[in-house]
Amino acid sequence: FPGLADVSISQDIPVEGEITVPVGSHSPDEDYSTLDEPVKDTIMRDLKAVGKKFVHVMYPRKSSALLRDWDLWGPLVLCVSLALMLQGGSADSKDDGGPQFAEVFVIIWFGAVVITLNSKLLGGTISFFQSLCVLGYCVMPLTVAMLVCRLVLLAGAGTVSFVIRLIVVGAMFAWSTLASTAFLADSQPPNRKALVVYPIFLFYFVISWMILTFTPQ
Amino acid sequence: MATADDLKFQEFDDAANLLAANPDATTISIDEPAEIPKNQHSHLQEPGREEDDELLGTDDSDKTELLAGQKKSAPFWTFEYYQTFFDVDTYQVLDRIKGSVFPVPGKNFVRLYIRSNPDLYGPFWICATLVFTIAVSGNLSNFFIHLGQPTYHYVPEFRKVSIAATTIYAYAWLVPLALWGFLMWRNTKVMNIVSYSFLEIVCVYGYSLFVYIPTAMLWIIPQKVVRWVLVVFSLCLSGSVLVMTFWPAVRDDNRRIAVATVATILLLHALLAVGCLAYFFDAPELDIPAPIIPAHNGTTVITKS
């Protein structure tokens, strides 16, 4: 290489330095890496989050924990269990029976989506999945009511049992509506609150009606 | 009649009174320039058109129409476009419902309450409520009618909810679509003063169905006379809202077509009411337990009376 003969690196400038690569494991990121933890921890964390939300529904306060970390596990479990419990009444192919599994599922999810869209169209500031999360979790009192109804129906199907079921379902319906309203009403403009609360009322009323009219074949 | 009074803002009551007193007068409102074409057109008509002028001459309808032109400018694939159809407050919805239940004779529901702000909230949720009210009331009424019979086993009849939903939503959306298409077509032949947009027609139909909700709840009473009185009463109320809305829109047309249109509107409305009553509510006479008649070949035949 003749051209390089002129280029000379003086011998007394050493090329030296230090290259350090942080080979991990002492930065704060390590605490959030969940890949290495045991599976039990992962599952328990999610279960605890779901459980905390159930507690929030049982004692509805205006806390933002339910809204911030939304998840749809709880609503899914509640919806499936409610649909399964409502299903047992129409095992035969009678046309006039109670709702089928798919009908309950569709009513709950489609109803929740429509209510969420309604509140967003009216100018609400809550996000889509947060609202679905709240509406789904607030089905919990009605699922408890369904359980109680099935137990009461095991004992008998007369007028007394109907009155008990009516009271239980009515109380749980009020609880569901109040719980979801407590979470959702704040995100609405104040002059449209009633417009948002009414569809929630209708939604839980329809679910309560399905629970109350459940008759085992 | 350009007196000094015309130069300042006039309450529309005075203008209407003046017009009533002297229908052929030219009224000029200088501070509302958009009103001039309407009023000049109006003075060429018969005195019977006053109600339209009165209603068209409301002072803030221009503002709302201008605003309506501005607010619906979002493209239809954005969320904001659909938000413009839900731009109502609670008191507005309640006012519209009240207007549909207590129709004021001579007042047009669309002009008075909708005023270029048609909403989809009312029609959608009134239809949803009506669907569930009819299904639940029908179920309850059948339960009470058949209560004493030993052979009766209560069923929730959930199938009927989907049938009710299909019927009512189809009525509340397809009939306005057909009516709107028909009115548009007639508009190309005969120049109508009053024309409605599709959403306003949907709005009127949706709010006019509200009176069927308490009617359906009262249909639980298992008396045929009571039920038919309720049908007639609710038909009168909601039918009058529809007639007063659509009569000005077809009035200028051929007399027979106008009458036929309004008659069809009323007929479909009545058909909905009677159909729901017949399908979802069993007749009270089926209360009598069926007698068992032994037939000649030994098998028993049960007849229903």
*Return yes when B:Leu67 is aliphatic (A, V, I, L, M) and either at pLDDT 85 or above or under 23 Å from the mean Cα position of the chain (by Cα) (or both) and no when it is not.*
no
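For every residue, the table says whether it meets (1) more than 8 Å from chain A (Cβ to nearest Cβ); (2) under 15 Å from B:Phe210 (Cα atoms); (3) touching a residue at least 40 places away in the same chain (Cβ under 8 Å).
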site	(1), (2), (3)
B:Arg111	yes, no, yes
B:Arg115	yes, no, yes
B:Thr129	no, yes, yes
B:Leu140	yes, no, yes
B:Leu147	yes, no, no
B:Pro156	no, no, no
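For (1) of a type in the set (Ser, Thr, Tyr); (2) modelled with pLDDT under 90; (3) buried (at least 22 other Cβ atoms within 10 Å of the Cβ), each residue gets a yes or a no:
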position	(1), (2), (3)
A:Glu103	no, yes, no
A:Val113	no, no, no
A:Gly124	no, yes, no
A:Gln130	no, yes, no
A:Gly136	no, no, yes
A:Pro141	no, no, yes
A:Met146	no, no, yes
*asked:* Criterion first (of a type in the set (Val, Ile, Thr), at the interface with chain B (Cβ under 10 Å from one of its Cβ atoms), surrounded by fewer than 23 Cβ atoms within 10 Å (Cβ to Cβ) and in contact (Cβ under 8 Å) with a residue 12 or more places away in the chain) does A:Val152 satisfy it?
replied: no
*Just one of (1) modelled with pLDDT under 90; (2) farther than 30 Å from B:Thr84 by Cα; (3) more than 19 Å from the chain's Cα centre (by Cα) trips up A:Gln188, so point out which.*
(2)
*Exactly one of (1) hydrophobic (A, V, I, L, M, F, W, C); (2) buried (at least 16 other Cβ atoms within 10 Å of the Cβ); (3) in contact (Cβ under 8 Å) with a residue 24 or more places away in the chain is unmet by A:Val168. Its number?*
(3)
*asked:* Which residue is farthest from A:Trp73 (Cα to Cα), if the candidates are limited to segment A:96-105 and must be in a helix (DSSP H, G or I) and at the interface with another protein chain (Cβ under 10 Å from one of its Cβ atoms)?
replied: A:Glu103
*Which of the residues spanning segment A:202-217 are more than 10 Å from every other protein chain (Cβ to nearest Cβ) and either among the charged types (D, E, K, R) or crowded, with 19+ Cβ neighbours inside 10 Å (or both)?*
A:Tyr204, A:Ile207, A:Ser208, A:Ile211
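The values are calculated or read from the model by the stated rules, or taken from the named source; none is laboratory data. Please read these numbers as outputs of a predicted model, since none were measured by experiment. Every residue, glycine as well, gets a Cβ built from its backbone with ideal geometry; the counts of neighbours run over all protein chains shown.
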